[in-house]
Amino acid sequence: MDEPRRRFAAMMSGLDIHYDLGEGHPLLGRRIPVLDLITADGPLRVFTLLHRARPVLLNLGQPGAFDITPWADRVQLIDAEYVGTWELPAIGPVAPPTSVLIRPDGYVAWAGEGPTQLGLADALTTWFGPPTAAA
């Protein structure tokens, strides 16, 4: 009876909340799981990145693959690695994305799979405003 127990525990703790943000990765609209990341500055827990109440674009693919300069004043870009399974309390294991845009409340606003950045600029604009013009 592990599955019902996991589902009820997620419901009781609010970890089953899912915002309908459209089609895409199973993480989209759900709270980012607890992840212990490896960054250039050493190990770091994903929720530590949210202490500054700023959105985070977490790049788990090739370092330097993203250029979010037009949103850099509002969104922090972190290149990191994570080894392990991604498990969400309400639905169980999910395939790891290559990148995720995490809102300051810990919910995933966009998830990228593979080298594509399809939809990222739209998600950044929707959640964090239009890009700033180059000076």
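The values are calculated or read from the model by the stated rules, or taken from the named source; none is laboratory data. These numbers were taken from a predicted model, which means no experiment stands behind them. Note that we place each Cβ from the backbone using ideal geometry, even for glycine, and neighbour counts take in every protein chain shown. For accessibility, only protein heavy atoms count, side chains too; no ligands or nucleic acids. Shrake-Rupley method; radii C 1.70, N 1.55, O 1.52, S 1.80 Å.
Things worth noting here:
- Cα gyration tensor shape for region 75-129, rounded if a/c is under 1.5, else prolate or oblate: prolate
- Evaluated on the chain, the Kirkwood hydrodynamic radius is 15.5 Å, with distances taken between all distinct Cα atoms.
- Centre separation in Å (Cα based) which lies between region 38-62 and region 88-114: 13
- Whole-Hz ³J(HN,Hα) from phi, Karplus 6.51 cos²θ - 1.76 cosθ + 1.60, for region 86-94, glycine and proline x: 9, 10, 9, x, 8, 10, x, x, 10
- Surface exposure of the chain, expressed per residue as accessible area with a 1.4 Å probe, stands at 58 Å².
- Rounded percent of accessible protein surface that carbon and sulfur make up, the chain, 1.4 Å probe: 58
- Packing here is the average count of other Cβ atoms within 10 Å per residue, and on that basis the peptides 21-33, 66-78, highest first, run 21-33, 66-78.
- The slack in the chain from Val83 to Arg54, taken as 0.36 nm per residue of separation less the alpha-carbon distance, amounts to 8.0 nm.
- Taking the longest Cα principal axis of the chain as reference, the axis of helix 2-13 is set at about 60 degrees.
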